[in-house]
Structures are given as structure tokens and as C-alpha cells.
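Reviewing the structure listed below.
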Amino acid sequence: MKRAPIMNSYSSTTISIPYCEDCKFCCHGIPTGVCGYHTLVEIGQGTLPPKICQKFVVYRIHKKFINEAASRWWHCPDSNLLTKMTLVKEDFYEILAIAKTRGRCPLLGQDGCLFPDAKPFNCEIFPFYIEEKDFHIASWCKFIDKLDVRTFESPVKTIIEEYEHYSIKNASRYYELLKNLQKKWQWTVHTFRPF
């Protein structure tokens with residue numbers, strides 16, 4: 001019943017949450033899933049099949065709205081992770097994402113995530129998130145009452161720190177690889193607008 005720990009390219013720390021493999025509730029009706037450099041690498045290496053690659057989108061975010069985007073997409077644990085993932089060019093950041101959907105995540109298979117090395121960062125630590133240094137658990141997690149949240153706080157914070165370091169190190173590569181893959185896949189580009 002436990003989800004096997006997933007190793008990824010940005011963190012040596014993992015969390016294993018009981019019930020996830022059987023539940024998969026969070027993989028339906030997903031919020032926008034921001035994709036880091038690790039996802040771009042997996043797409044570039046041909047790990048994901050074309051029918052899945054076609055489901056990604058690119059968000060253009062004006063620098064004056066980047067903090068709001070980070071907050072909406074759970075990427076502001078202490079500081080804005082979006083500004084560390086890529087470069088700002090002509091006042092805009094461009095970020096790869098799995099678009100918000102009322103349906104199932106395109107990476108979801110019968111036994112969970114089909115491509116765990118490509119999953120968005122916020123999926124890796126779900127149902128937990130940190131906003132402005134405060135540790136939270138998503139209220140819609142079906143097993144919120146069965147989890148000892150305190151046991152996850154330290155590993156989740158470590159994963160976030162490692163992801164932040166990885167993102168900073170690869171920001172210019174992210175920018176270049178996204179541009180190259182955009183030429184190949186012709187992803188739909190959305191301009192982020194605040195509410």
C-alpha cells in the first residue's frame with residue numbers, strides 16, 4: 001500500500017506516503033503543474049511518448065506578476081522558485097507546465113505516475129507544501145487525518161532546498177532547452193494573468 005520512494009535528478013531525499021498508490025485522487029482535477037528542468041530533460045531524451053509531450057503548455061509570465069504566479073502554483077516556500085528556474089527575457093519568464101485540468105493528469109497510469117522522473121515538483125511533495133516558510137498539508141488530501149504531518153516536514157524542506165539549488169544551477173539550460181523543445185513540439189503558449 002505504500003508508494004515506493006522515487007529517486008529524481010534533483011534530490012537524494014524521498015518521501016513515501018501510504019495510500020497514494022491506491023488513491024490517486026490528487027492526480028485527477030489537477031492544478032497547474034509547473035515543470036522543472038528535470039522534466040525538460042526527460043522530454044528532450046525522448047522518455048515521454050509524443051501523445052503525452054503534446055499535452056504540455058508554456059506559460060509566459062510578466063515579471064510584475066511572477067510572485068502571484070508562484071503563489072498560485074505553490075512555488076514560493078521562502079522565496080520565489082519560478083525566478084530561479086529560468087531566465088527573464090524582455091520582462092517575461094517562460095515556464096513549461098501541465099495545464100490545469102478537471103480530468104486526469106496525462107502522466108497518470110493504472111499504478112500511479114507513468115514517468116516519475118518527469119513529474120512536476122509540486123507533485124513530488126504533495127500533499128505537502130510550504131508557503132512563506134509555513135508548512136502545510138493540502139486540505140483535499142483524502143488521508144489528511146491518517147498522516148503524521150510532523151514526520152514529513154524535515155524531508156519535504158530538504159527536497160525543496162535541493163530542488164531550489166538544482167533549479168539555480170540549471171536556469172540558463174532550462175531557458176535554452178525550453179526554446180529548443182518549443183520549436184519541436186509547438187506547445188500552446190498562455191500568457192499568465194492575475195485574477
Only one of these conditions is not met by residue 120: (1) touching a Cys at 6+ places or on another chain (Cβ under 8 Å); (2) in contact (Cβ under 8 Å) with a residue 40 or more places away in the chain; (3) surrounded by fewer than 20 Cβ atoms within 10 Å (Cβ to Cβ). Which number is it?
(3)
Those residues of region 129-144 that are over 18 Å from residue 30 (Cβ atoms) and either surrounded by 14 or more Cβ atoms within 10 Å (Cβ to Cβ) or touching a His at 6+ places or on another chain (Cβ under 7 Å) (or both) come to a total of 3
Filtering region 63-95 down to residues that are assigned to a helix (DSSP H, G or I) and basic (Lys, Arg), which residue is surrounded by the most Cβ atoms within 10 Å (Cβ to Cβ)?
84
Among residues belonging to region 12-49 that are in a loop (DSSP other than H, G, I, E, B) and closer than 23 Å to residue 69 by Cβ, point out the one that is modelled with the lowest pLDDT.
30
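Within region 96-109, count every residue that is of a type in the set (S, T, N, Q) and buried (at least 17 other Cβ atoms within 10 Å of the Cβ).
Looking only at that region, the number is 0.
The values are calculated or read from the model by the stated rules, or taken from the named source; none is laboratory data. Since the model is a prediction, treat every value here as computed from it, not as a measurement. Note that we place each Cβ from the backbone using ideal geometry, even for glycine, and neighbour counts take in every protein chain shown.
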